[in-house]
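S.K.: Sharing a structure with you now.
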Amino acid sequence: MESNNVRQAFLDFFKSKQHEIVASAPMVVKNDPTLMFTNAGMNQFKDIFLGNAPRKWPRVADTQKCLRVSGKHNDLEEVGHDTYHHTMFEMLGNWSYGDYFKKEAIDWAWELLTEVYKLDKSRMYATVFEGSEEDGVAFDQEAYDYWKQYLPEDHIIRGNKKDNFWEMGETGPCGPCSEIHFDLRDEEEVAKIPGREMVNMSHPQVIEIWNLVFMQFNRKANGSLEPLPAKNVDTGMGFERLCMILQGKKSNYDTDVFQPTIARIAALSGKEYGKDEKCDVAMRVIADHLRAISFSIADGQLPANAKAGYVIRRILRRAVRYGYTYLGFTEPFICKLVDGLAKQMGHQFPELVAQQTLIERVIEEEEASFLRTLATGINLLEGVIKKSANGKISGKDAFVLYDTYGFPIDLTELIAKEQGVEVDIEEFEKELQVQKERSRNAASQDIDDWQEVMAIAESEFIGYDNLEANIHIARYRRVKSKNNVTYQLVFDQTPFYGNSGGQIGDIGYIESANEKIEIVATEKENGLIIHIAKQLPENPAAEFRAVVNAEARQQAANNHTATHLVDYALRTVLGTHVEQKGSMVTPEGLRFDFSHFQKVTAEEIREVERLVNKLIRANYPLIENREATMAEAEVAGAIMLFGEKYGDKVRIVNFGPSTELCGGTHTSATGTIGIFKIVSESAISAGVRRIEAVTGDAAEALVYEAQDTISAIEQIVRSPKLVQAVEKMVENNAQLGREIEEMRKEKVAQVAASIAAETEAVNGIKLIKRTTTYSSEVMKDLAFSLRQRVTEGLVMVIGNLNDGKPTINVMLSDDIVAKGIDAGATVREAAKLINGGGGGQKHYATAGGKNPDALDSAVEKAVELIMAKLN
Ligand code: ATP
Ligand code: MG
């Protein structure tokens, strides 16, 4: 069974069981402070499980792109070394929200696996939760009994809390789970040790394929459990593992999901897969990481120096590193694999095909830059190895290489080992730990349980139409971070816009009969709009008037609308390859990142500005449809963003020729934006440009600033023809410079001639000793001019003081040098007196210093040194 059919069969099966089939959410998570990447199918439904939003359907199924490289689930180190953990993988899942529970979940899992996929029943095992005394949860008899209908009792295994009790996080929904494991081993091995003894023992051929989670509790901040009012089912099955079983393979990498990529890596490296374990691991790492990186970039997460972007960068570097060390790649190669991946997976995930060029460019640039880092790192490491005492590299050195130069520790170890040197891993780990603690402490927060004031089904955002409203606080909680306590408030309805979609949240206040409380920020988290206040109302149950700061909101709205107009203008001026890659909208200005493969020229910027300003003057009114279907949005030609999670109902925002899907707040008509001005254009990574711009007041201020500069120049040049006047000044200046230079040369020649004439030889030595106050160029010219005139016996020692900085200058003729006098050594020694140093050649040297008072004595010293040798 081909992998594409395996996936389809899953979706078809659950469709036949009345499940709504939904799209995979983006792999990069927004609006959830606890999660950077989707690591399980349930993430996109978290707001429903948390009770922040009502369910949309009672039953849902999908395939979800997951990434397990950080936080609670981190499989990165295993990937490539084993055959069944990936960084990115697809999780097939079905869900019930207060609808069916354990019985149907187990029945259908069994039916699908044995009747549709026709898996061998004798190789299947199920685990059920044994219970936990500390949590007061009993053995999951119910699940056990359902499995007993299908499996012999020795194929049902009791599992502990670690394996069979699932929790979303420190707090929140949780419950017992029941996993299905499959034994892939050969008959002889099965005969030796029965499968039940191998379950959950990390054997690569006795693996978990499906986890059925029965959410029935809520874990509170104090650790206790309370039953959930509506019980939910959440299941996740590893798609690649399922393909392995159905295709009769022993490794995920031997399936048609990975084989085409591995074949390309083999061809590019000239090495065969399956011949050498180290090369095989490297090929698996690369085949795996290629997917993780490509899908992240497609979802809008570019490699970067912090947070999610840094995680992606590290994955990419890991792949480059394995290719470099084991497959001999010294030039970018991962970028060459994108094309094949896009062809293979583009049908299910069209974002890969649509953004192929961008993905390739970004990867190529990252690879090239990391390969350079590797070269630098290897040089540094060679140095460290050379100076390593007693055949050991200190953990500190290894850590600096790792932390500052991105040089992986295993590579440091490998190279060191090749030269018979060890790395102090213990010390390295300690350093690493210290760093981790540091960042953890900086970010650590204590979040209390929500305190419910009134029960609500959902908090409605009414801020598109209102800037004020009467509201009630539905729940609140206290958040304590480093010496700072804030309160998060949720209202029954709110006019406050919560930070999302690149637009910063509203500020304002809430006021009751007795008190007024400032709202300093508004965030959006798992579908909840959270108002941040520095204090809690004395009576949270009172009715409040919630008031948004109207001016800040209007400015943000102007900038958000301007962002749409810029998007339209860029696509018109530069071409439709322009895709939004990020944006930031505040009352002060806007930032817009987009894919484009070269610098935007000054003329293009002007053209974009002109077009945007034209659209502003056309005063197009906002036309919106808040309840559009995706199909309607497509008909309207609305611009949608990759990596954005759209619900079943979307909001279409239209201003004249610009139509986008957007949840942000916008102005009523483009005219309120006033004017638009771009302030900068730059690259943020290969293939992604950034424009920063301002509108209205801020743009006006920019114009005034430019005008003021011009007026100031006018005052100086005293002419209305500014450009000509300045050009003339520059020209005059250059002419004057040339004239001065000529005069200076003449003057120097005159001075040199007169000095040469008045200097007499004593014992064949013509000593020129004085202190002067020339510029350094004149000083140098003079020295060379003297050398030209006095070709024999020249000993010139001049102390020069220029702008308060003393120098000693020594020039000698060749015969003096031949007598063993060294100008360089002389000035070095003499300059000590003026607290300085310097040097030069044997015949000519200068040294600067910091103490002008000692200049005379330094000159004397230099003369003394020379004379002592000549006599
Ligand atoms: P394992 O113990 O094998 O790491 P898990 O307990 O972490 O699995 P779950 O969190 O229950 O797995 O995820 C549900 C399913 O997703 C698993 O049954 C498995 O088939 C699949 N899965 C989990 N992690 C990975 C991974 N890193 N790569 C591929 N598939 C995975
Ligand atoms: Mg795991």
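S.K.: I want to confirm something. Restricting to the stretch 575-628 and keeping residues that are polar (S, T, N, Q), over 26 Å from the mean Cα position of the chain (by Cα) and closer than 21 Å to residue 656 by Cα, which single residue is surrounded by the most Cβ atoms within 10 Å (Cβ to Cβ)? Walk me through how you get there before you give the answer.
M.R.: Start the filter on the stretch 575-628 by keeping residues that are polar (S, T, N, Q), which leaves 576, 580, 583, 586, 595, 598, 601, 613, 619, 625.
Pick out the ones that are also over 26 Å from the mean Cα position of the chain (by Cα) and you get 601, 613, 619, 625.
Right, trim to closer than 21 Å to residue 656 by Cα and you get 613, 619, 625.
Numbers: 613: 20, 619: 14, 625: 16.
So the residue we want is 613.
S.K.: If residue 720 passes every condition in (1) more than 30 Å from residue 302 (Cβ to Cβ); (2) surrounded by 10 or more Cβ atoms within 10 Å (Cβ to Cβ); (3) in contact with a helix residue (DSSP H, G or I) (Cβ under 8 Å, 6 or more places away or on another chain) but one, which one does it miss?
M.R.: With respect to (1) more than 30 Å from residue 302 (Cβ to Cβ); (2) surrounded by 10 or more Cβ atoms within 10 Å (Cβ to Cβ); (3) in contact with a helix residue (DSSP H, G or I) (Cβ under 8 Å, 6 or more places away or on another chain), residue 720 is out only on (2).
Listed here are the residues, each with its yes/no results for (1) closer than 25 Å to residue 674 by Cβ; (2) aliphatic (A, V, I, L, M); (3) surrounded by fewer than 21 Cβ atoms within 10 Å (Cβ to Cβ); (4) out of contact with any strand residue (DSSP E or B) (no Cβ under 9 Å at 6 or more places or on another chain).
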position: 516; (1), (2), (3), (4): no, no, yes, no
position: 519; (1), (2), (3), (4): no, yes, no, no
position: 536; (1), (2), (3), (4): no, yes, yes, no
position: 540; (1), (2), (3), (4): no, no, yes, no
position: 545; (1), (2), (3), (4): no, no, yes, no
position: 550; (1), (2), (3), (4): yes, yes, yes, no
position: 555; (1), (2), (3), (4): yes, no, no, no
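S.K.: While we're on this one: From 690, 651, grab the single residue that is within 27 Å of the chain's Cα centre (by Cα), of a type outside the set (Gly, Ala, Ser) and at pLDDT 95 or above.
M.R.: Numbers: 651 fails: within 27 Å of the chain's Cα centre (by Cα).
Just a single option satisfies the conditions, and that option is 690.
S.K.: I've got another one for you. Being within 16 Å of ligand 2 (Cβ to nearest atom), buried (at least 17 other Cβ atoms within 10 Å of the Cβ) and not in a helix (DSSP H, G or I) is the filter here; which residues of the stretch 151-166 pass it? Don't jump to the end; show me each part of the working.
M.R.: Residues of the stretch 151-166 within 16 Å of ligand 2 (Cβ to nearest atom): 159-166.
Still in the list and also buried (at least 17 other Cβ atoms within 10 Å of the Cβ): 159, 163-166.
Hits for the stretch 151-166 are 159, 165, 166.
S.K.: Give me the residue from the stretch 825-869 that is of a type in the set (Val, Ile, Thr) and part of a helix (DSSP H, G or I) and, out of that set, farthest from residue 795 (Cα to Cα).
M.R.: Step one: filter the stretch 825-869 for residues of a type in the set (Val, Ile, Thr), giving 826-827, 834, 846, 859, 863, 866.
Those still in the list that are part of a helix (DSSP H, G or I) too: 826-827, 834, 859, 863, 866.
On the way: 826: 12, 827: 13, 834: 21, 859: 12, 863: 8, 866: 8 Å.
Per the stated criteria, the residue is 834.
S.K.: Kindly indicate whether any position in the stretch 760-782 is loosely packed, with under 11 Cβ neighbours inside 10 Å and in a helix (DSSP H, G or I).
M.R.: No, the conditions are met nowhere in the stretch 760-782.
S.K.: While we're here: Name the pairs: first residue in the stretch 736-757 and more than 18 Å from residue 798 (Cβ to Cβ), second residue exposed (fewer than 10 other Cβ atoms within 10 Å of the Cβ) and aliphatic (A, V, I, L, M), Cβ to Cβ under 8 Å, at least 6 apart or on different chains?
M.R.: Going by the 8 Å Cβ cut-off, there are no qualifying pairs.
S.K.: Scan the stretch 72-83 residue by residue and report those that are near ligand 2 (Cβ under 10 Å from one of its atoms) and either in contact (Cβ under 8 Å) with a residue 24 or more places away in the chain or in a loop (DSSP other than H, G, I, E, B) (or both).
M.R.: 72, 73, 75, 78, listed by residue number.
S.K.: Quick one: residue 44 ticks every box in (1) farther than 30 Å from residue 317 by Cβ; (2) not in a loop (DSSP other than H, G, I, E, B) bar one, so which box is it?
M.R.: Evaluating residue 44 over (1) farther than 30 Å from residue 317 by Cβ; (2) not in a loop (DSSP other than H, G, I, E, B) leaves (1) as the failure.
S.K.: Also, I was wondering about something else. If you scan the stretch 379-404, which residues turn out to be surrounded by 15 or more Cβ atoms within 10 Å (Cβ to Cβ) and at pLDDT below 85?
M.R.: Within the stretch 379-404, just 388 meets the criteria.
S.K.: From the set of residues in the stretch 723-748 that are more than 48 Å from the chain's Cα centre (by Cα) and among the aliphatic types (A, V, I, L, M), which is surrounded by the most Cβ atoms within 10 Å (Cβ to Cβ)?
M.R.: Taking the candidates together, the pick is 748.
S.K.: Go through the stretch 47-75 and give me each residue that's within 15 Å of ligand 1 (Cβ to nearest atom), surrounded by 21 or more Cβ atoms within 10 Å (Cβ to Cβ) and of a type outside the set (Ser, Thr, Tyr).
M.R.: Hits for the stretch 47-75 are 61, 62, 64, 65, 66, 67, 68, 69.
S.K.: Can residue 1 be described as buried (at least 21 other Cβ atoms within 10 Å of the Cβ) and either at pLDDT below 95 or assigned to a helix (DSSP H, G or I) (or both)? Can you show your working first?
M.R.: Numbers: buried (at least 21 other Cβ atoms within 10 Å of the Cβ): no; either at pLDDT below 95 or assigned to a helix (DSSP H, G or I) (or both): yes.
Judged against the criteria, residue 1 is not a match.
S.K.: Another question about this same structure. Let me spell it out: the conditions are (1) within 13 Å of ligand 1 (Cβ to nearest atom); (2) of a type in the set (Phe, Trp, Tyr); (3) touching a helix residue (DSSP H, G or I) at 6+ places or on another chain (Cβ under 6 Å); (4) part of a helix (DSSP H, G or I), and residue 13 meets all of them except one. Which number is the exception?
M.R.: With (1) within 13 Å of ligand 1 (Cβ to nearest atom); (2) of a type in the set (Phe, Trp, Tyr); (3) touching a helix residue (DSSP H, G or I) at 6+ places or on another chain (Cβ under 6 Å); (4) part of a helix (DSSP H, G or I) applied to residue 13, the lone miss is (1).
S.K.: Please go through the stretch 148-176 and give me each residue that is away from ligand 1 (no atom under 16 Å from the Cβ) and either under 36 Å from the mean Cα position of the chain (by Cα) or touching a residue at least 24 places away in the same chain (Cβ under 8 Å) (or both), ordered by number. First the steps, then the outcome.
M.R.: Pass one, the stretch 148-176, residues away from ligand 1 (no atom under 16 Å from the Cβ): 148-156, 158, 170-171.
150, 151, 154, 155, 156, 158, 170, 171, listed by residue number.
S.K.: Kindly indicate the residue of the stretch 134-150 that is assigned to a loop (DSSP other than H, G, I, E, B) and charged (D, E, K, R) and also nearest to residue 177 (Cα to Cα) among those meeting that condition. Full working, then the answer.
M.R.: From the stretch 134-150, those assigned to a loop (DSSP other than H, G, I, E, B) are 134-136, 138-140, 149-150; that's our starting set.
Imposing the further condition that a residue be charged (D, E, K, R) reduces the set to 134-135, 140.
Details: 134: 17, 135: 15, 140: 9 Å.
The qualifying residue nearest to residue 177 (Cα to Cα) is 140.
S.K.: Condition (residue is farther than 30 Å from residue 345 by Cα and either free of Cβ contacts under 8 Å to residues at least 60 places away in the same chain or within 15 Å of ligand 2 (Cβ to nearest atom) (or both)) applied to the stretch 50-66: is it met by at least one residue?
M.R.: Keep residues of the stretch 50-66 that are farther than 30 Å from residue 345 by Cα, which gives 50-55.
Narrowing further to those that are either free of Cβ contacts under 8 Å to residues at least 60 places away in the same chain or within 15 Å of ligand 2 (Cβ to nearest atom) (or both): 51, 55.
Yes, that holds for at least one residue.
S.K.: Further question: Counting residues that are of a type in the set (A, V, I, L, M, F, W, C), which strands (runs of 3 or more DSSP E) fully inside the stretch 426-539 reach at least 3?
M.R.: Correct list: 468-481, 484-491, 516-525, 528-533.
S.K.: May I pose another question? Residues that are more than 16 Å from ligand 1 (Cβ to nearest atom), more than 28 Å from residue 100 (Cα to Cα) and free of Cβ contacts under 8 Å to residues at least 40 places away in the same chain: find the helices (runs of 4 or more DSSP H) completely inside the stretch 177-294 holding 3 or more of those. Working first, answer last.
M.R.: On the way: elements: 187-192, 239-246, 259-269.
In the stretch 177-294, 187-192, 259-269 are the helices (runs of 4 or more DSSP H) which contain 3 or more residues that are more than 16 Å from ligand 1 (Cβ to nearest atom), more than 28 Å from residue 100 (Cα to Cα) and free of Cβ contacts under 8 Å to residues at least 40 places away in the same chain.
S.K.: Output the number of residues of the stretch 93-133 satisfying the condition of being among the aliphatic types (A, V, I, L, M), buried (at least 24 other Cβ atoms within 10 Å of the Cβ) and in a strand (DSSP E or B).
M.R.: 2
Let's see how each residue does on (1) touching a strand residue (DSSP E or B) at 6+ places or on another chain (Cβ under 9 Å); (2) small (Gly, Ala, Ser); (3) within 21 Å of residue 180 (Cα to Cα):
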| site | (1), (2), (3) |
| --- | --- |
| 14 | yes, no, yes |
| 29 | yes, no, no |
| 40 | yes, yes, yes |
| 50 | yes, no, no |
| 53 | yes, yes, no |
| 56 | yes, no, no |
| 70 | yes, yes, no |
| 76 | yes, no, no |
| 95 | yes, no, yes |
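S.K.: Inspect all residues belonging to the stretch 360-379 and state whether any of them is of a type in the set (Gly, Ala, Ser) and in contact (Cβ under 8 Å) with a residue 60 or more places away in the chain.
M.R.: Applying the first criterion (of a type in the set (Gly, Ala, Ser)) to the stretch 360-379 yields 368-369, 375, 377.
Filter again for in contact (Cβ under 8 Å) with a residue 60 or more places away in the chain, leaving none.
Within the stretch 360-379, not a single residue is of a type in the set (Gly, Ala, Ser) and in contact (Cβ under 8 Å) with a residue 60 or more places away in the chain.
S.K.: Consider the stretch 439-471. How many of its residues are of a type outside the set (A, V, I, L, M), buried (at least 17 other Cβ atoms within 10 Å of the Cβ) and modelled with pLDDT of 95 or more?
M.R.: Residues of the stretch 439-471 of a type outside the set (A, V, I, L, M): 439-441, 444-446, 448-452, 458-461, 463-466, 468, 470.
If we keep only those that are buried (at least 17 other Cβ atoms within 10 Å of the Cβ) too, we end up with 450, 459, 461, 463.
Subset that is modelled with pLDDT of 95 or more: 461, 463.
Of the residues in the stretch 439-471, 2 are of a type outside the set (A, V, I, L, M), buried (at least 17 other Cβ atoms within 10 Å of the Cβ) and modelled with pLDDT of 95 or more.
The values are calculated or read from the model by the stated rules, or taken from the named source; none is laboratory data. No experiment lies behind these values; they were computed from the predicted model shown. Positions of Cβ are backbone-derived with ideal geometry, glycine not excepted, and every protein chain shown enters the neighbour counts.
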